[in-house]
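The values are calculated or read from the model by the stated rules, or taken from the named source; none is laboratory data. Because the structure is a prediction, the values reported are computed rather than measured. Methodologically, a virtual Cβ is constructed for each residue, glycine included, from the backbone with ideal geometry; neighbour enumeration extends over all protein chains shown. With ligands, DNA and RNA removed, areas are computed over all heavy atoms of the protein, side chains included. Shrake-Rupley method; radii C 1.70, N 1.55, O 1.52, S 1.80 Å.
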Amino acid sequence: MSRQLKLNLFIYPGGHHEAAWRYRESEPDRVLDLDYYIGLARRAEEATFDAIFLADGPALADNIRYASRFRIEPFTWLSGIAAATSKIGLIATASTTYSEPYNLARLFAGLDHLSKGRAGWNIVTTGAPNAAQNFGLAEHPVHAERYDRAQEFVEVVTKLWDSWEDGALIADPSSGIYADGERIHSIDHIGRRLRVRGPLNTPRTPQGRPVYVQAGSSEDGRSFAARYAEAIFTAHQTLQNAQAFYTDVTARALALGRRQPLILPGISPFIGSTEAEALALQAEFDELTQPEYSLQQLHRLAGARGHWVVAGTPEQIADQIEEWFTNGAADGFNVMPPWLTGGFDLFADHVVPILRSRGLFRRSYTGSTLREHYGLSRPDSQYDTLPTAEVASA
């Protein structure tokens with residue numbers, strides 16, 4: 001099969017334009033309704049999207065007066081969505097700065113088991129300085145310290161997810177053996193910033209490990225992504241900038257002996273039956289932005305917080321997606337509808353069929369886990385004591 005796009009639905013309460021909640025077709029009264037999110041996830045699953053993605057942050061944004069800027073805690077909501085869907089991946093943001101490895105490993109393991117292998121972790125170090133005092137810290141750790149902790153954090157969580165080998169859970173009534181203790185390992189991690197004994201108190205998950213996603217474009221972020229990420233969420237507004245990022249991070253990963261991570265920029269599309277209609281729709285949203293807010297930021301950030309905002313017909317949107325995909329700028333996209341749910345319906349109903357007709361996107365799922373959707377292998381446990389064939393027959 002030829003290379004195909006990876007598409008995620010990035011769900012932001014109400015939509016990705018700052019004024020989405022004011023738009024006449026939005027449903028701001030439903031942003032705390034689980035059924036609203038289940039409906040979006042099912043719609044994305046019908047469109048055979050790879051995953052839905054929920055961002056998160058441990059502090060309240062300072063412009064809540066003018067925009068829907070609160071966060072829903074992703075694990076609870078994605079667990080509810082997991083029970084109502086069967087194929088679509090479930091990616092949650094979680095901070096390495098304001099979490100503990102053991103708790104976080106358990107949360108993601110639970111989500112991966114509950115969803116039968118559809119969990120992904122968007123690894124962030126948290127850039128919001130006002131988060132510190134929510135966790136008893138006087139100051140937000142500086143950038144380099146946050147990434148230093150993040151590297152050790154990911155290594156610890158990986159060890160915890162690997163601490164049960166495949167086949168450690170036996171549950172054989174005839175022999176009376178429930179688990180093979182020789183294949184469950186304490187990790188005994190003592191590092192610069194973390195001390196964790198392990199093992200995890202949850203068996204190995206369907207994917208072995210949830211998919212590792214990273215979102216950061218700084219020098220530290222690129223180095224971190226090259227070393228750990230299997231997919232990268234990024235923001236670019238021009239083809240040239242996206243190509244430069246793609247080339248840079250790919251080269252860094254290959255130099256470390258890793259496979260190239262998937263590069264997935266954000267795209268926030270205003271779709272109309274004509275280009276003029278799409279541009280008018282975008283202008284309508286921009287006019288709904290509160291003047292007090294627009295004075296605080298460059299106006300281009302109101303559309304999708306620095307991500308690629310496009311306006312046009314379904315064919316024009318598909319053309320631009322194809323241009324980035326075929327010219328070394330992206331392996332797919334985080335689709336960021338300006339408003340929900342209608343903004344996504346337009347993309348699913350009118351852009352996806354064009355991408356399929358061009359052979360750029362799947363018509364049906366061929367796997368059931370997020371790793372399978374992304375074309376990623378299932379990793380072995382670093383503690384494996386038996387070859388894979390023996391594990392299968394054990």
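Cβ neighbours within 10 Å, averaged per peptide: list 232-245, 189-202, 45-58 in order, most packed at the top.
Result, highest mean Cβ count within 10 Å first: 45-58, 232-245, 189-202.
Packing-wise, with mean Cβ within 10 Å as the measure, how do 69-81, 355-367, 257-269 rank, highest first?
The densest-packed peptide leads the list: 257-269, 69-81, 355-367.
What angle do you read, to the nearest 10 degrees and between 0 and 90, between the alpha-carbon axis of helix 101-114 and the longest principal axis of the chain?
80
Students often forget the sequence filter, so: which lysines lie under 22 Å Cα-Cα from Lys159 once same-chain residues fewer than 8 apart are removed?
In chain and number order, the partners are Lys116.
Quick one: how many Å² of Lys116 are accessible to a 1.4 Å probe, rounded to 10?
Its accessible surface works out to 150 Å², give or take rounding.
Per residue, how much accessible surface does the chain expose to a 1.4 Å probe? Answer in Å², no decimals.
Accessible area per residue: 43 Å².
For His307, what accessible area in Å² do you get when you roll a 1.4 Å probe over the heavy atoms of the protein chains, rounding to the nearest 10?
Counting only protein heavy atoms, His307 exposes about 40 Å² to solvent.
Just to make sure I understand: if all protein chains stay in place, what is the order of Tyr383, Tyr98 by accessible area at 1.4 Å, largest first?
Heavy-atom accessible area, descending, gives Tyr383, Tyr98.
Using each residue's phi in region 225-241, evaluate 6.51 cos²θ - 1.76 cosθ + 1.60 at θ = phi - 60° and report the 3J(HN,Hα) Karplus result to the nearest Hz, with x for Gly and Pro.
4, 4, 7, 10, 6, 9, 8, 10, 8, 9, 10, 9, 10, 9, 4, 5, 5
Compute, for Glu277, the solvent-accessible surface of its heavy atoms (probe 1.4 Å) with the complete set of protein chains present, and express it in square angstrom to the nearest 10.
90
If you average the sequence gap of Cα pairs under 8 Å that are 6 or more apart and divide by the length of the chain, what percent do you get for the contact order?
23
Per residue of region 154-165, in order, report the coupling 6.51 cos²θ - 1.76 cosθ + 1.60 (Karplus, θ = phi - 60°) as ³J(HN,Hα) in whole Hz, putting x for Gly and Pro.
Computed from phi, the couplings for region 154-165 are 5, 4, 5, 4, 4, 4, 5, 5, 8, 5, 9, 6 Hz.
Choose one answer from His143, His350, His17: the residue with the largest mean-square fluctuation in a GNM of the chain with alpha-carbon springs under 10 Å.
Fluctuation is largest for His143.
With a 1.4 Å probe and all protein chains left in place, how much of the accessible area of the chain comes from carbon and sulfur atoms, in whole percent?
C and S fraction of accessible area: 50 percent.
Roughly what would the spin-label model give for Gln260 and Gln290, points 7 Å off Cα along C-beta, in nm?
4.4
Counting only DSSP beta bridges with both residues in region 188-273, tell me the antiparallel percent, nearest 5.
Around 35 percent antiparallel, to the nearest 5.
With a 1.4 Å probe and all protein chains in place, put Asp384, Asp331 in order of accessible area, largest first.
Descending accessible area places them as Asp384, Asp331.
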